[in-house]
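Visitor: One structure coming up, written as structure tokens, with questions to follow.
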């Protein structure tokens with residue numbers, strides 16, 4: 001039994017779900033999303049909840065059970081609220097600024113990095129050393145934050161680079177004389 005899959009997804013006020021064939025459509029105040037699920041699971045909307053059940057006891061059906069429930073739960077959450085990832089930039093001269101739909105990063109490289117912000121994502125830089133990535137698609141928010149972080153990952157000696165807010169970087173001891 002899947003511990004995640006057997007939990008129903010509650011629909012908050014203002015969010016509706018429609019199932020037609022193998023597609024579920026979620027409508028809410030922030031966004032409208034649709035997801036096509038596999039034949040291995042069955043979705044049902046009843047009493048303001050979405051329940052996911054597997055068809056059969058095959059390994060694939062059990063795998064898709066929990067994954068489909070998680071995707072639907074993220075869509076319901078994204079229809080009501082936005083997902084957020086906060087990034088912190090550490091290093092002398094390292095900074096970021098948003099110009100339209102381009103994020104300009106100065107990370108100590110020989111050139112400035114121009115990172116295009118995809119549709120559906122908003123990136124704000126309240127300070128030159130703090131970034132906030134927001135959107136209604138959890139997967140896309142995480143992917144954009146990871147791609148920004150990949151330009152200069154935190155290094156273990158001084159901790160310089162782009163890190164997630166409250167991320168702990170294990171500091172190594174430098175050379176001894």
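The values are calculated or read from the model by the stated rules, or taken from the named source; none is laboratory data. What you are looking at is a predicted structure, and each value in this text was computed from that prediction instead of being measured. Cβ coordinates were reconstructed from backbone atoms using ideal geometry, including for glycine residues, and neighbour counts include every protein chain displayed.
Visitor: Considering only the stretch 58-76, I want to know if a residue exists there that is over 30 Å from residue 106 (Cβ atoms), in a loop (DSSP other than H, G, I, E, B), in contact with a strand residue (DSSP E or B) (Cβ under 7 Å, 6 or more places away or on another chain) and not assigned by TED's automatic domain parsing to the domain that holds residue 155.
Guide: Keep residues of the stretch 58-76 that are over 30 Å from residue 106 (Cβ atoms), which gives 58-76.
Filter once more, so that each one left must be in a loop (DSSP other than H, G, I, E, B): 58.
Those still in the list that are in contact with a strand residue (DSSP E or B) (Cβ under 7 Å, 6 or more places away or on another chain) too: none.
No: the stretch 58-76 contains no residue that is over 30 Å from residue 106 (Cβ atoms), in a loop (DSSP other than H, G, I, E, B), in contact with a strand residue (DSSP E or B) (Cβ under 7 Å, 6 or more places away or on another chain) and not assigned by TED's automatic domain parsing to the domain that holds residue 155.
Visitor: Please go through the stretch 14-31 and give me each residue that is in contact with a strand residue (DSSP E or B) (Cβ under 9 Å, 6 or more places away or on another chain) and without any contact (Cβ under 8 Å) to a residue 60 or more places away in the chain, ordered by number.
Guide: Result: 16, 17, 18, 19, 21, 22, 23, 24, 25, 26, 27, 28.
Visitor: Which residues, counting only those in the stretch 90-108, are assigned to a strand (DSSP E or B), over 18 Å from residue 142 (Cβ atoms) and either free of Cβ contacts under 8 Å to residues at least 40 places away in the same chain or touching a strand residue (DSSP E or B) at 6+ places or on another chain (Cβ under 6 Å) (or both)?
Guide: Within the stretch 90-108, 95, 96, 97, 98, 99, 102, 104, 105, 106 meet the criteria.
Visitor: Could you check the stretch 109-151 for strands (runs of 3 or more DSSP E) lying wholly inside it with 1 or more residues that are in contact with a helix residue (DSSP H, G or I) (Cβ under 9 Å, 6 or more places away or on another chain) and under 26 Å from residue 80 (Cβ atoms)? So that I can check it myself, show each step before the final result.
Guide: Working: elements: 113-116, 121-127, 130-135.
Ranges flagged: 121-127, 130-135.
Visitor: Looking at 10, 44, 79, 73 in this structure, which one is touching a helix residue (DSSP H, G or I) at 6+ places or on another chain (Cβ under 9 Å) and modelled with pLDDT of 90 or more?
Guide: Result of the check over 10, 44, 79, 73: 10.
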